[in-house]
Amino acid sequence: MKKSSEDFVKSVKEKVNQQKNIEIIQRNLLHDSLDYFSSLVREDDEVEIKSQKKFESGELSCFLNLYSEADDIPELIKSIFDLAGLEYKILDLDSKKIIYCVNFGQNILSSPHDNNWIFIELYLRGKHIFECRFFLKIGSVDYGLYENKYFNIKVWVFDGVFFSKYEIPLINVSRNRRGIKRELDEKYTSYIKFDPVGEVESIKISKKKGSKIG
């Protein structure tokens, strides 16, 4: 029994260490991507970097706060990608939020891969002030919650080729901790969990069996 218990503890420690190593690699990739994009921004006279936030723990994301007097900031960001010869996908979420999936390619020296896809969520905070949040593309299906209201939420989904966005009404639903299941369309199903006061706590989106992606 003692041997079995020791093996279990050892197995748990190995899994924890493995997860930590994966997170370190992912965080390094994310930070290098932020640094690369920052170098592109510094070459553009129309944009000024106000601050940069890299987190060593917690959520796997980082931020750039920027300033520009350009008339069309989303077009300005696209022009930076185009000038660098980067491949990207884009989706307008609403009047203030846009999400890009950008391939930084071989410009990320810490990565052994030829293709390095990074999500950049652009948030227009004012006429000249905006924020870019960076996070990794890590799944065959990636998604995010971009509007969270009590009776309605909005999500985006990226399948590696196309972006989609969905609105999910939450009127007259059971808000217990077990959560609810909602079909988005013929390709995706969402699973929504609520916190103790009934607010949306988390969402998981998965591809339906047999559906084709892309």
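Quick note: the coordinates plus some simple rules give every number you see, no bench work behind them. The structure presented is a predicted model; accordingly, all values stated were derived computationally and were not measured. Positions of Cβ are backbone-derived with ideal geometry, glycine not excepted, and every protein chain shown enters the neighbour counts.
Quick notes on this structure:
- With 0.36 nm allotted per residue and the present C-alpha distance subtracted, the residue 21-residue 164 stretch has 48.3 nm of extension available.
- Residue-count net charge about residue 98 - beta-carbon cut-off 10 Å; Lys, Arg +1, Asp, Glu -1: 0
- Three-way shape call for region 65-190 based on the alpha-carbon gyration tensor, with the a/c threshold at 1.5: oblate
- Size of charge dipole - the chain - debye, nearest 20, with Cβ of Lys, Arg +1 and Asp, Glu -1, no other charges: 1640
- Nearby aspartates and glutamates by direct alpha-carbon distance to residue 127 (threshold 18 angstrom, same-chain neighbours under 8 apart not counted): 45, 46, 48, 69, 71, 72, 75, 92, 94
- Links that overshoot a 22 Å alpha carbon limit, given the list 165/204; 89/154; 154/193; 54/154: 54/154
- Ordering 37, 81 by the number of other Cβ atoms within 10 Å of each residue's own Cβ, fewest first, gives 81, 37.
- The mean sequence separation of alpha-carbon pairs under 8 Å and at least six residues apart, normalised by the residue count of the chain, gives a relative contact order of 12 percent.
- Each of 151, 80, 51 was scored by the projection of its Cα onto the charge dipole of the chain, and the greatest displacement toward the positive side belongs to 151; charges sit on the C-beta of Lys, Arg, Asp and Glu.
- Ascending count of other beta-carbon atoms within 10 Å, so fewest first, for 44, 195, 159, 114: 114, 195, 44, 159
- Size of electric dipole in region 113-191: Cβ of Lys, Arg +1 and of Asp, Glu -1, about Cα centre, debye, nearest 20: 500
- Taking the alpha carbon gyration tensor of region 142-207, multiplying each eigenvalue by 5 and rooting it gives semi-axes of 21, 11, 10 Å, largest first.
- Cα pair distances in the chain, grouped into 5 Å bins until the bin that holds the longest one, percent each: 1, 6, 13, 15, 16, 15, 13, 10, 6, 3, 1, 1, 0, 0, 0
- Estimated FRET transfer efficiency (residue 174, residue 45; beta-carbon r; R0 45 Å; 0.05): 0.25
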